[in-house]
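First the structure, then my questions, so here it is.
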Amino acid sequence: DISSVQVLGQVLVILNSTTAARDLLEKKASIYSGRPIGHFFDMMNWSWNIVSTTYSAELRLRRKMLDRGMRPSAAVLYRPLQKDKVHHFLKQVLLKPKDFRKHVKHLQGAIMMSLVYGYDVQEENDSYVKTVLDVLEIAERALLPGSVLVNDIPFLKYLPEWLPGMGFKAVARVGEKLGQDMVNFPFDFVKDRIQQGVARPSVTRENLLELEQNHGVDPEEAERAIAEASGSVYPAGADTTRKSVSAISTLFLVLALYPEVQRRAQAELDAVTKGQRLPDFGDKPRLPYVEALWKEVLRWKSVAPVGVPHATTEDNVYDGYFIPKGAVVIAIYGARFLSWLDEDLASDILSHQGLRARPQSVRADPTLATVFGFGKRICPGRHIAEDTLFIVAAAILATFTIGKAKDAHGNEVPVECKYSGAVIIQANDFECSIVPRSKKAEELICMESWETDI
């Protein structure tokens, strides 16, 4: 359940079970909620970022702002936005089914930018999204232990840049500029929209409007906290977004590989909607198999098998093991660990112990509760992500049939279950057939709005 290794004097503690992860990262969150000392992040002046910074009063303030805008009661308010973006996604898939992975990425970016800033993402080459993706590429490289040498050998940051191996210094300068752009540009966009009286509902707008009613705080300091909180939620949310992109891509893969699973889910949907409307959030209680399906996708092929490392803020003893202050703690556990290592076992889990078994057994799997992290570092956008995954899965199943693609000779193109990635894994490119289930389904996709009788 627990093991450790030392790398250049740094203790890494690996948790290989859900029990160990919860015992430490949740039940003892007060001392397991730190982050590893990231000298590379310090060089980029990223103390504002809630993902990489250690636990502190400033972090708690920013988390409070984000939790207020993303708690379950607030998440419900964003459901019309999610449906609108998913409806547009269905139209994109109908027009260009071969580009479904591109459409999935656009969908998740559109939901996140609209939610945080009330901003509509452009179909191609959106400047805000590009900035965030560039930032994430740098951040992901720096988060993994051993990936950036200066994190393990701090004195390297004092050496001249012209020496071999000092390329991280130029990367840090780029990261600092990109980070400030990511914080300032969309925040200024919201402020400008508020002044014009046309700002749409968003996490940033609600925090700014609440600030106007709170006269006991320094407005300049509070604005900066809001800007940094929102700037943090987008990369944190983009991290969740990339998890959602990975999960939805896996959903297409699963539907192509397991047609009997698809048929059962579609039969459940048809019994609820009669094939005459698109499914809605209000249908969820009557769609236990559909809900089990998207949850099983998360459990079967974990999108983040390692997660973001934690760090201890004081010495601790667990199950007879001494864990020193400053230890890096990484959770790799349960079904995540099995599916990461053993493709055959993962396939067996999906085929026999998962969706062919009772859906409620999948829904109760303890691994699912930790997909979005632990304790005080749990993802604040998890409720919105879960809503998105449900409505995307239900909408796809209601309108399309996913199968194996065929070549020019009418032969099925093999679909391989292969994944790659580091912090977040993605299914490798694969081909599949995506066709509307019926003429009525095509009409529902082409409607101007998402109609419902719920």
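Scan the range 154-191 residue by residue and report those that are within 12 Å of MET44 (Cβ to Cβ) and either of a type in the set (S, T, N, Q) or more than 26 Å from the chain's Cα centre (by Cα) (or both).
Within the range 154-191, LYS157, PHE168, LYS169, ALA170, ARG173, GLN180 qualify.
Within the range 21-47, track down each residue that is surrounded by fewer than 21 Cβ atoms within 10 Å (Cβ to Cβ) and hydrophobic (A, V, I, L, M, F, W, C).
Answer for the range 21-47, where residues must be surrounded by fewer than 21 Cβ atoms within 10 Å (Cβ to Cβ) and hydrophobic (A, V, I, L, M, F, W, C): ALA29, ILE31, ILE37, MET43.
Okay, moving on. State whether one or more residues within the range 275-286 are modelled with pLDDT under 80, more than 19 Å from ALA393 (Cβ to Cβ), open to solvent by 20 Å² or more (accessible area, probe 1.4 Å) and not in a helix (DSSP H, G or I). Outline the logic, then answer.
Here is the first cut: in the range 275-286, the ones modelled with pLDDT under 80 are none.
Within the range 275-286, none of the residues are modelled with pLDDT under 80, more than 19 Å from ALA393 (Cβ to Cβ), open to solvent by 20 Å² or more (accessible area, probe 1.4 Å) and not in a helix (DSSP H, G or I).
Test VAL254 against the stated conditions and say whether it is assigned to a helix (DSSP H, G or I) and in contact (Cβ under 8 Å) with a residue 24 or more places away in the chain.
Values: assigned to a helix (DSSP H, G or I): yes; in contact (Cβ under 8 Å) with a residue 24 or more places away in the chain: yes.
Judged against the criteria, VAL254 is a match.
So, one more: Condition (residue is open to solvent by 30 Å² or more (accessible area, probe 1.4 Å) and at pLDDT below 85) applied to the range 309-323: is it met by at least one residue?
From the range 309-323, those open to solvent by 30 Å² or more (accessible area, probe 1.4 Å) are 313-315, 317-322; that's our starting set.
Next cut, at pLDDT below 85 only: none.
No - not one qualifying residue is present in the range 309-323.
In addition: Can you pull out every residue in the range 127-137 that is touching a residue at least 12 places away in the same chain (Cβ under 8 Å), open to solvent by 10 Å² or more (accessible area, probe 1.4 Å) and of a type outside the set (Ser, Thr, Tyr)?
Answer for the range 127-137, where residues must be touching a residue at least 12 places away in the same chain (Cβ under 8 Å), open to solvent by 10 Å² or more (accessible area, probe 1.4 Å) and of a type outside the set (Ser, Thr, Tyr): VAL129, LEU133, ASP134, LEU136.
Determine which member of the set ARG79, ARG101, ARG60 is in a helix (DSSP H, G or I) and open to solvent by 70 Å² or more (accessible area, probe 1.4 Å). Step through it out loud before you land on a result.
Values: ARG79 fails: open to solvent by 70 Å² or more (accessible area, probe 1.4 Å); ARG101 fails: open to solvent by 70 Å² or more (accessible area, probe 1.4 Å).
Matching residue, one of ARG79, ARG101, ARG60: ARG60.
I need the full set of residues from the range 184-203 which are closer than 16 Å to TYR78 by Cα and either touching a helix residue (DSSP H, G or I) at 6+ places or on another chain (Cβ under 6 Å) or modelled with pLDDT under 85 (or both), in order please.
First, pick out the residues of the range 184-203 that are closer than 16 Å to TYR78 by Cα: 199-203.
ALA199, PRO201, SER202, VAL203 - these are the residues of the range 184-203 that are closer than 16 Å to TYR78 by Cα and either touching a helix residue (DSSP H, G or I) at 6+ places or on another chain (Cβ under 6 Å) or modelled with pLDDT under 85 (or both).
Failed condition for MET70, given (1) on the phi > 0 side of the Ramachandran plot; (2) open to solvent by less than 10 Å² (accessible area, probe 1.4 Å), with all others met?
Just one mismatch for MET70, condition (1).
Only residues that are within 30 Å of PHE89 (Cβ to Cβ), touching a residue at least 60 places away in the same chain (Cβ under 8 Å) and open to solvent by 30 Å² or more (accessible area, probe 1.4 Å): list them for the range 138-158, please.
Listed by number, the residues that qualify are GLU140, LEU143.
For the list (1) under 21 Å from the mean Cα position of the chain (by Cα); (2) open to solvent by 10 Å² or more (accessible area, probe 1.4 Å), I need the number of the one condition that LEU95 fails.
Condition not satisfied by LEU95: (1).
Here's a follow-up. So, in the range 398-445, exactly how many residues are aromatic (Phe, Trp, Tyr) and not in a strand (DSSP E or B)? Before you say what the answer is, go through the steps one by one.
Within the range 398-445, the first condition is being aromatic (Phe, Trp, Tyr), and the residues that meet it are 400, 419, 430.
With the extra rule that they be not in a strand (DSSP E or B), the set shrinks to 430.
Total meeting the criteria: 1.
Next question, about the same structure. ILE50 passes all but one of (1) within 19 Å of ALA142 (Cβ to Cβ); (2) in a helix (DSSP H, G or I); which number fails?
Result: ILE50 fails condition (2) only.
I need a count of the residues in the range 324-339 that are at pLDDT below 90 and either over 21 Å from VAL7 (Cβ atoms) or not hydrophobic (A, V, I, L, M, F, W, C) (or both).
Within the range 324-339, residues that are at pLDDT below 90 and either over 21 Å from VAL7 (Cβ atoms) or not hydrophobic (A, V, I, L, M, F, W, C) (or both) number 6.
Moving on. Counting just the residues of the range 419-432 that are open to solvent by 40 Å² or more (accessible area, probe 1.4 Å) and modelled with pLDDT of 85 or more, which one comes out nearest to the chain's Cα centre (by Cα)?
Step by step, filter the range 419-432, then rank; the result is ASN428.
For the structure I just gave you, tell me whether ALA29 is without any contact (Cβ under 8 Å) to a residue 60 or more places away in the chain, farther than 18 Å from GLY175 by Cβ and of a type outside the set (Lys, Arg).
no
Checking the condition at pLDDT 80 or above, touching a helix residue (DSSP H, G or I) at 6+ places or on another chain (Cβ under 7 Å) and loosely packed, with under 13 Cβ neighbours inside 10 Å, which residue from GLU206, GLU161, GLU220 passes? Before the answer, list the steps.
Numbers: GLU206 fails: loosely packed, with under 13 Cβ neighbours inside 10 Å; GLU220 fails: touching a helix residue (DSSP H, G or I) at 6+ places or on another chain (Cβ under 7 Å).
Just one listed residue meets the conditions, GLU161.
Mind checking which residues of the range 164-189 are open to solvent by 60 Å² or more (accessible area, probe 1.4 Å) and among the β-branched types (Val, Ile, Thr)?
Scanning the range 164-189 gives a single hit, VAL174.
Do we find that PHE185 is in contact (Cβ under 8 Å) with a residue 40 or more places away in the chain and of a type outside the set (S, T, N, Q) in this structure?
Details: in contact (Cβ under 8 Å) with a residue 40 or more places away in the chain: yes; of a type outside the set (S, T, N, Q): yes.
In short, yes.
The values are calculated or read from the model by the stated rules, or taken from the named source; none is laboratory data. The shown structure was predicted, so the numbers you read here are calculated from the model rather than taken from an experiment. All Cβ positions, even for glycine, are placed from backbone atoms using ideal geometry, and neighbour counts span all protein chains on display. Note: accessible area is taken over every heavy atom of the protein model, side chains too, but ligands, DNA and RNA are not part of it. Shrake-Rupley method; radii C 1.70, N 1.55, O 1.52, S 1.80 Å.
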